[in-house]
Every structure is written in structure tokens, then in C-alpha cells.
Amino acid sequence: MAKIGFVGLGHMGLPMALNLLKAGHDVIGHDLSEKQVDQLVGAGGTKAGSLDDIAKTEIVITMLPAGRHVSEVYLGDNGLIANVAPRTLLIDSSTIDVETARTVAAKAAERGLPMVDAPVSGGVSGAEAGTLTFMVGGPDDAFDAAKPFLDVMGAKVIHTGGAGNGEAAKICNNMLLAISMIGVSEAFALARKLGLDDQKFFDVASTSSGQCWSMTSYCPVPGPVPTSPANKDYEPGFATDMMLKDLRLAKDAAMATKANTPSGRLAEEIYTKLSNEGYGGKDFSSIFPYLFSSLGGSDR
């Protein structure tokens, strides 16, 4: 069993770390929230006094909010890359911009450290159940070294290519997810206006050409899919503000590469309005009640 340093014990990071503990690994956790660290310790993990303790582990996994946090943790004289032992495996599961991911990976390569960017899809429920999908960018040897540990936390581990490609896949996937969720929500809002029952419309769309994951697995109206956040007052599996962060990453990437993503840009504008209306902490599928109420309806 391995000694793993885990930095970032938030809504996603903590259950991921707990699954590593359950698999028998020795997990040392670091987070700004004492409450989150205490939960890890209560499950058998160890508290890291600082990043120096993390640097003494065999494997480092990070799950951080943004590119600047990843840079702070990994780069510079006090960063992990400069202070870990040779051949320490580095796994960054944060969702960040591709440029930062590739910059950090290049610095790791300079020291001969195997590193992958491995952002995830599957939300909090997937993190808890160990059924996440990992999109992994990095050299073949680093991927091979990381995969056994990613397998503990996820059901699918996909090597997407070189450094930064995991982030690229995550950004593109979430742009598509946001677009599809808006489309599904608009369709339900219109269906209600036309007097069509939610379940009846679901029965049609979920088995015909309108079928997609946002419809069948994460339906934004209460009822048809009992496990969806719509049945829990849109308690976040993936919060609106997190989706907005990813859409802004997609917009920046599109601008940098001169890619034409008009639907992605519109989705970013819509989710910005949703967040500004107070839905930032709600699940991103709360776009449905927002759209329906803006059409003069009321959620039921």
C-alpha cells in the first residue's frame, strides 16, 4: 500500500481521499478547512501540518479550485515539485486551464517527476461511490503509474494524450453538458407551457431523438429521475458556480485557439445570469426553474 499526500479535501477531494483509505492506502491530507481534515482523520487518515509533510509522500494528489492554486502548490522554491523526492508521482485532479496544466507538467518533467492532469466527471455522488470518470493527460509511463490509484476512485480512466489533454477533455465535455442541460430545460419549460405533463414528455424524449445524459440521468424536473438533484431542491451534485467556472475556461480556450463556439458562449452568458440571480450554490440543473419562472411560470 502507498503513502499518499492529498491536497484539497473539498466536496470532491474528501470522498476521493476516503476511498483511497478504504482501499488500504495511508492518506495524509491537507486543506484550509479543519473540518474537512478532521473528517479524514476520523476515518483513519493523517493530518499534514504543511506542504512539507505532503512532500514526504510517495504519491501526491491535488484537487484545487483554480489554476493559480495549482501553481502555488506545485511551483516555486517552496512548491511540491522542488521538494518532493525523485520519482514521486504527481496527480492533479483539479479542473483548470490547459496552459497552466502544461506549464506545471513541464516543470515536473524537468525534475524527472511523473505527472498527469486527471480532472474528473461524475459529481459528488460519483466521488462518494468511487464511480468517477478520469480524463488523464500525460506521458504513457506516468499514466500507467497513476492508473491503479485512479481505478480506486473511479469507474472509467481514459488516457486522452499528452500533458493538458485531460483538462482539454474536461473543458469540452462540460461545455457540451451545459449546452445540453439548457436545451433539456428549455424543452421541459415549453412542454409545461403547452400543457404537457413532465413525465409524459420525459417518456417521449428519453426514448427518442431528444435523448441525452441531461435528460435520462440528471433530469432537471422533479419526478422522472428520482436520483436527480431536482428531487432534492437542487442540492448540488455539481454547483452552478462550478459549471460557470468551466464555461469560462472553455470560453478562454476558444478565444486562445480561435475556435468557434457560439453555443458555448451563450451557455456562459446564461449561467452567469443564473449565478447572479442567486442560484450559484444550487445544482447547475436549477437552470430549469430559472428558465421556467422567467417564462412566467412557477415551479411545481
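The values are calculated or read from the model by the stated rules, or taken from the named source; none is laboratory data. Keep in mind that this is a model prediction, so the values were computed, not measured. Cβ coordinates were reconstructed from backbone atoms using ideal geometry, including for glycine residues, and neighbour counts include every protein chain displayed. Accessible surface areas use protein heavy atoms only, side chains included; no ligands, DNA or RNA. Shrake-Rupley method; radii C 1.70, N 1.55, O 1.52, S 1.80 Å.
Brief remarks on what is shown
- Of all residues in the range 155-167, exactly one satisfies the criterion of being open to solvent by less than 50 Å² (accessible area, probe 1.4 Å), among the aliphatic types (A, V, I, L, M) and more than 22 Å from His25 (Cβ to Cβ), namely Ala163.
- Qualifying residue in the range 77-89 (condition: open to solvent by 40 Å² or more (accessible area, probe 1.4 Å), of a type outside the set (Phe, Trp, Tyr) and closer than 19 Å to Leu9 by Cβ): no
- Residue in the range 18-28 that is assigned to a strand (DSSP E or B), touching a Phe, Trp or Tyr at 6+ places or on another chain (Cβ under 6 Å) and modelled with pLDDT of 95 or more present: yes
- Residue satisfying condition, being out of contact with any His (no Cβ under 8 Å at 6 or more places or on another chain) and over 21 Å from Gly123 (Cβ atoms), within set His11, His30: His30
- With respect to being more than 14 Å from Met181 (Cβ to Cβ) and touching a residue at least 60 places away in the same chain (Cβ under 8 Å), Ala253 fits the description.
- Matching residues in the range 124-154 - criterion: being out of contact with any Phe, Trp or Tyr (no Cβ under 9 Å at 6 or more places or on another chain), of a type in the set (A, V, I, L, M, F, W, C), touching a residue at least 12 places away in the same chain (Cβ under 8 Å) and open to solvent by 10 Å² or more (accessible area, probe 1.4 Å): Met135, Phe143, Ala145, Phe149, Val152
- The set of residues in the range 172-200 that are small (Gly, Ala, Ser) and either touching a residue at least 24 places away in the same chain (Cβ under 8 Å) or outside any helix (DSSP H, G or I) (or both) comprises Ala178, Ser180, Gly183, Ser185, Ala189, Gly195.
- When the range 212-234 is filtered for residues that are surrounded by fewer than 18 Cβ atoms within 10 Å (Cβ to Cβ), closer than 20 Å to Ser293 by Cα and either modelled with pLDDT under 95 or in contact with a Ser or Thr (Cβ under 7 Å, 6 or more places away or on another chain) (or both), nothing remains.
The rows are residues; the columns are (1) in contact with a Lys or Arg (Cβ under 7 Å, 6 or more places away or on another chain); (2) surrounded by fewer than 22 Cβ atoms within 10 Å (Cβ to Cβ).
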| position | (1), (2) |
| --- | --- |
| Gly29 | yes, no |
| Leu32 | no, yes |
| Lys35 | no, yes |
| Leu40 | no, no |
| Ala48 | no, no |
| Leu51 | no, yes |
| Glu58 | yes, yes |
| Met63 | no, no |
| Gly67 | no, yes |
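- Number of the exception - Pro15 against (1) crowded, with 19+ Cβ neighbours inside 10 Å; (2) more than 22 Å from Glu167 (Cβ to Cβ); (3) not aromatic (Phe, Trp, Tyr): (2)
- Pick from the range 223-255, criterion of a type in the set (S, T, N, Q) and assigned to a helix (DSSP H, G or I), ranking: farthest from the chain's Cα centre (by Cα): Asn231
- Among residues of the range 1-24 that are under 21 Å from Ala85 (Cα atoms), those with a beta-carbon under 6 Å from a residue that is open to solvent by 30 Å² or more (accessible area, probe 1.4 Å) at least six positions away or on a different chain give the pairs Met1/Gly24; Ala2/Glu58; Lys3/Asp26; Lys3/Glu58; Val7/His30; Gly8/Met63.
- Strands (runs of 3 or more DSSP E) wholly inside the range 53-138 that include at least 2 residues being among the small types (Gly, Ala, Ser) and over 20 Å from Gly164 (Cα atoms): none
- Inclusion of Lys258 among residues that are within 28 Å of Gly195 (Cα to Cα), free of Cβ contacts under 8 Å to residues at least 12 places away in the same chain and open to solvent by 30 Å² or more (accessible area, probe 1.4 Å) is not warranted.
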